[in-house]
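Read the figures in this text as sums done on the coordinates, not as results from a lab. Not measured: the values here are computed from a predicted model. For neighbour counting, all protein chains shown are included, and Cβ atoms are generated from backbone atoms with ideal geometry for every residue, glycine included.
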Amino acid sequence: MVVKKEEAKDAFILYDDEGDNKIDATQIGNVIRALGLTPTNAQVTKAAGKEYKKLGEKRLTFEEFFPIFEQVSKEKVEGTKADYVECLKVFDKDDSGKIFGAELRHALLSLGERLLIEDVDELLNGVEDGEGLVNYKAFVEKVLAGPFPSASD
């Protein structure tokens, strides 16, 4: 995906909540994701050179943001649909194509870059059946189709 500098600037300005042509550094990942990329928090931190957790800690100009965006956009996309489906097969004890929603929830809430319970609920909405089972192929397709509003936004 190629994003023109003007498009990046337009998205950047949408996150300028103070009208000073700057964004809060905690919004770097959100702006990058708004531009169609799906970096992990670790990739954003690596590209930015620092992790910004506190609102108001630093504000960035577009000139400071754009090199971070370019670096993240050059990183190789990790994994394919088949890779993710294969990973979730570990939870499919009876080879039915479904896994327990409770197990998936636990993994999403406690492993790697932990999600908020509200985000997990949104992800599982529509793929978890009345018996608490998740068709994990449908789940992967939904996640890869993204983007989802974050409860933390």
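Considering the options 13, 44, 130, tell which one lies farthest towards the positive end of the dipole of the chain, charges being +1 on Lys and Arg and -1 on Asp and Glu at the Cβ, about the Cα centre.
So the residue furthest toward the plus end is 44.
Please state the relative contact order of region 18-153 as a whole percent: Cα pairs under 8 Å, 6+ residues apart?
The normalised contact order for region 18-153 reaches 20 percent.
Explain nothing, just the number: relative contact order of region 81-145, from Cα pairs under 8 Å at least 6 residues apart, as a whole percent.
Relative CO of region 81-145 lands at 38 percent.
In debye, nearest 20: dipole of region 5-74 around its Cα centre with unit charges on the Cβ of K, R (+) and D, E (-)?
Here the size comes out at about 400 debye.
Check each of the trypsin sites (Lys or Arg not before Pro) in region 5-67 and keep only those in coil by DSSP with at most 13 other C-beta atoms within 10 angstrom; list them in order.
50, 53, 54
If the cut-off is 29 Å between C-alpha atoms, which lysines fall inside it for residue 137, apart from same-chain ones fewer than 8 positions away?
Result set, ordered by chain and number: 74, 76, 81, 89, 93, 98.
Can you name the helices of the chain, as whole DSSP H runs, whose Cα span along the helix axis is 27 Å or more and whose Kyte-Doolittle mean is not below -1.0?
TM-like helix candidates: nothing returned.
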